[in-house]
Amino acid sequence: MSESRPKSFKFPKVEKLTGKKKIEELFQNGSSIFLHPFLLKFIAVDETVHRVLIAVPKKKIKRAVDRNLIKRRIRESYRLNKHIAYDQPETFYHVGFIYQDTKALSYTEIEKKLVILLKRLQDEKSK
RNA sequence: CGAACAAGCUGGCUUAUCGCUCCGAUUUAGUUCGAAGAGGAAAGUACGGGCAACAUAGCGUACCACACUUCUUAAUUGGAAGAUUGUUGACGGUAACGUCAGGGAUAGAAAGUGCCACAGAAAAAAUACCGCCAUACCCUAGGUAUGGUAAGGGUGAAAUGGUAAGGUAAGAGCUUACCGCUUUGAUGGUGACAUCAAAGGCACGGCAUACCUUGUGGGUUGAAAGGUCAAAUAGGUUUUGUGUUUGAGGGUAACGCGCUCGAGCAAAAUUGGGUAGACCGCUAGAUUUCGAUAUUGAUAUCGAAACCAGAUAAAUGAUAAGCCCUGAUCUUGUAUCAGGAACAGAACCCGGCUUACAAGCUUGUUUUUAAU
RNA sequence: GCGCCGGUAGCUAAAUGGAUUAGCCGGAGCCUUCUAAGCUCUAUUAUGCAGGUUCGAUUCCUGCCAGGCGCA
């Protein structure tokens, strides 16, 4: 399958989750996995790519600079590790990463936790 | 030389790999190439202006903001230069006071209303607690009554012009000189105001950052404004079909069948509204840089050059190496280790004000030590 | 983006410009076999910060700080 779908580190706009209705759908009907510092929301959907939402709540992180920094770290680690989610390309999801800590964690820590989360998502898929 | 404070400026750089957003090409439907991509405060803002929509005869009232002078700006609140007057600090001086610097205040308290606790006789109306003086009486320590007085004491944050001399029974702007105050005039200044002269015997407590009065300004709402396109769903209209579920018509002696119209149901077309969504608004402008001229200055004018973010669950990033910088360690070497930071992230656009800020640089002030 | 509101003891609230109050909480005592409740007495600590007006600010004015609420 790596021939048909080569490892790509791109993260175009198509793979971002936008639109009021879709997001409401995700939050109302999606399943969730919690792993510090993330709350992962996901819902199976009839599309050809995964679409991802990254959220850092204003109540947890006050300053806009820190919020931007965390969002960029999450986005970067997803971009470099999203091939895990494409291993079994029969179902696709809308996924939301919601950051829950009140402090900004380092890049390596975020990446480690995010890889674990993506593997768990694969386990859900195979069930 | 070091330290502290204040003001201003700068606010890491280069290369490689992997990516993000917009624009322009290329091609073909997602690649390839090129170019660009956060700030001095993008933050806060009871401050303005542009722009947009709506409203709008004129006047008044209410509400809100502002209030020395001149200049300046698109701007009533900002800025510059000045005037007057307190306050704080430094220096000089015995002191009064003067000089310098910083920040503040400045329409009206002789239009009205209100407030001024406690203390004090009395707190804005004029009066008299201790006093001072005169007269009368008691009869001489002194007290009582009447009158004069506001100099002194005491209270207070504040006590009815101040100082000196004359004057007086004692006193008092009662009189005089100087100072202060008010009014008038002259001179200087664009002006706030300053200086000088004359007159007035002094009628003036503080608080408008209490209500208020006077003057000036303000229509309301904000890009989530506003405009264009427009799924789905439900609805309106038209057409077609269905049909015994229902109503009406005509027809019949009456009922039924059949016919016509309508309701209902189904399908198609069309229509207004404008939700999800998409696009415009959306970045070339009171723009930026440099130079010249005018001005004490804020600023203005002229000339030349430049194009410099436009995202929308919201791009501007990550990793590695080097330079540079900072800190720590001792082997004092351009050594090893750690780190790249402070405040902080555009959301229609400008201007102002306020606040935050590691490190470095410049200027000024103060100060310690050392040398001369 | 726009418009509002308050900041007072550990907590909840009050206070015309005139020495900051009350309740709960804490401590001690009484009562009780003991505890709770009740009664009595009592301590501690407070006006968010910085300026200004005033003789004197919790109060009036200005600027900040950290919060809360509403509209869409």
Simple label model, 7 Å out from Cα along Cβ direction - A:LYS119 to A:ALA44, nm: 2.3 nm
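Out of all DSSP beta bridges in region A:13-126, what portion is antiparallel? Express it as a percent rounded to 5.
70 percent
Evaluate 2.2 N^0.38 Å with N set to the residue count of chain A, then give the Cα radius of gyration divided by it. The partial results should precede the final answer.
On the way: Rg = 14.3 Å, N = 127, 2.2 N^0.38 = 13.9 Å.
Here the Cα radius of gyration is 1.03 times the empirical estimate.
With a sphere of radius 11 Å drawn around the Cβ of A:ILE110, what net charge do the other residues whose Cβ falls strictly inside it have (Lys, Arg +1; Asp, Glu -1)?
Here the charged neighbours net out to +2.
If you average the sequence gap of Cα pairs under 8 Å that are 6 or more apart and divide by the length of chain A, what percent do you get for the contact order? Let's see the in-between values first.
Working: 160 pairs, mean separation 41.9, N = 127.
Once divided by the residue count of chain A, the mean separation gives 33 percent.
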Region A:17-28 - phi-based ³J(HN,Hα) in whole Hz, Karplus 6.51/-1.76/1.60, Gly and Pro as x: 8, 10, x, 4, 5, 5, 5, 4, 4, 4, 6, 7
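Read-outs: derived from the displayed coordinates by stated rules, not from any lab. Just so it is clear, the structure is predicted and the values come from calculations on it, not from any experiment. Backbone-built Cβ (ideal geometry, glycine too); neighbour counts: all protein chains shown.
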